[in-house]
Amino acid sequence: MLRPSLLPLLLLAFTACSEPERLRFESGPIHLTAAGPLFEGSNTAQAEWTTGLEAFLTQQGHSLSDLREARLTTATIAGADSTGLQGIRSVSVQWMGGQQGMQQMAVRNPLPTDSSTVQLTVADEQPKLAELLGAGTLTVVADLDLDADSDADRHVIGSFTLELTVAP
Amino acid sequence: MRTTLLLLTLLLLPFGTVLAQAPPEPADRLIGVWEPSNGKARVKIEKIGGKYYGKIVWLREPNDPATGTPKTDKNNPDESQRTVPLRGYRLLKDFTYGGNDEWTEGTIYDPENGSTYSCVITMKDANTLDIRGFIGVKALGRTDVWKRLQTK
């Protein structure tokens, strides 16, 4: 039989052990392409992103089934060449994958002029992001609002940081 | 040898021409630029990752009369995303072809009130779509007729 004085200590230890763990997960650079000809206004740039999330969680001593919640915390778009983000008035980013529908993830409107890298405003509402990431491969879509027509393709680089909550 | 090659090319040429002119697969007939019945916008439907999406590419009134600046998604329930430009906004999302000229499993967003509805698209003919938005039961909804901008 447990001594009454040990009970609170054991409860505390149990609670501490079962606290969910928070992990930071970086996407690395994702190269998005809008295939020309492009027109003044919104043009769709996209890329397939194989997240590597399962391998990452395994490295951290977890499995994909431990993932309880995921939240995008930062989103950055950079120019992929010397033109930077010149001629792009705004950027809006969505993700889709698996059985999950397309989700609005981040926006920056307007873009500062002559910038080469911009931080986007991340969506407050990110429903079912953990399930979306569970798909393994996502389609990342960036709507580039261009100020002029262009025959050439346009390339930008997206980088994303996520906070993952995993079961102990 | 050269004569044989020439003959072979001539024989295969009509086949190649037929292939090049083959009609798009039934599901892809949805791709194009469409105009809702109110004529306030034009929507370009495209295919992304095997599903169909429609984004606004033209607005009759592109600027917000109150500010004089380009309209944004100011009624979005997520306040953080209210600066997303309305021109370029994807209001049709996640449609898949279900056969019988119907695209299902998608949603339609009404930027005028920030609401999202379930939606079914039915192609009445090559240049006409019935867009039915509903909540819960398809029977309880509203249908709008959209016309293809560049008629086939």
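The values are calculated or read from the model by the stated rules, or taken from the named source; none is laboratory data. These numbers were taken from a predicted model, which means no experiment stands behind them. Note that each Cβ is placed from the backbone with ideal geometry, even for glycine, and that neighbours are counted across all protein chains shown. For accessibility, only protein heavy atoms count, side chains too; no ligands or nucleic acids. Shrake-Rupley method; radii C 1.70, N 1.55, O 1.52, S 1.80 Å.
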TODO: List every residue pair whose Cβ atoms lie under 7 Å apart, where the two residues are 6 or more positions apart in sequence or sit on different chains, the first residue falls within the stretch A:131-152 and is more than 11 Å from chain B (Cβ to nearest Cβ) and in contact (Cβ under 8 Å) with a residue 40 or more places away in the chain, and the second residue, located anywhere, is part of a helix (DSSP H, G or I) and acidic (Asp, Glu).
DONE: A:Gly136/A:Glu54
- [ ] Give, as residue ranges, the strands (runs of 3 or more DSSP E) completely inside the stretch A:64-114 that count at least 2 residues that are of a type in the set (Gly, Ala, Ser), within 12 Å of another protein chain (Cβ to nearest Cβ) and under 27 Å from B:Lys71 (Cα atoms).
- [x] A:88-97, A:100-108
Task: Residue that is surrounded by the most Cβ atoms within 10 Å (Cβ to Cβ), among those in the stretch A:57-93 that are under 26 Å from A:Thr33 (Cα atoms), without any contact (Cβ under 8 Å) to a residue 40 or more places away in the chain and out of contact with any Asp or Glu (no Cβ under 8 Å at 6 or more places or on another chain) - done: A:Thr83
TODO: Could you grab me the full set of residues in the stretch A:28-56 that are open to solvent by less than 60 Å² (accessible area, probe 1.4 Å) and within 14 Å of chain B (Cβ to nearest Cβ)?
DONE: A:Leu32, A:Thr33, A:Ala34, A:Leu38, A:Gly41, A:Ser42, A:Asn43, A:Thr44, A:Ala45, A:Ala47, A:Trp49
Open item on the list: Let me spell it out: the conditions are (1) modelled with pLDDT of 95 or more; (2) under 19 Å from A:Trp95 (Cβ atoms), and B:Val33 meets all of them except one. Which number is the exception?
Closed with: (2)
Task: Of all residues in the stretch B:76-88 being more than 7 Å from every other protein chain (Cβ to nearest Cβ) and within 11 Å of A:Asn109 (Cβ to Cβ), the one that is most open to solvent (accessible area, probe 1.4 Å) - done: B:Arg82
- [ ] Kindly list the number of the only condition in (1) under 9 Å from the mean Cα position of the chain (by Cα); (2) surrounded by fewer than 20 Cβ atoms within 10 Å (Cβ to Cβ) that fails for B:Val43.
- [x] (2)
Open item on the list: A:Gly158 - would you say it is surrounded by 16 or more Cβ atoms within 10 Å (Cβ to Cβ), closer than 23 Å to B:Leu86 by Cβ and in contact with a Pro (Cβ under 8 Å, 6 or more places away or on another chain)?
Closed with: yes
Open item on the list: Quick check on the stretch A:119-126. Is at least one of its residues buried (at least 22 other Cβ atoms within 10 Å of the Cβ) and more than 14 Å from every other protein chain (Cβ to nearest Cβ)?
Closed with: no
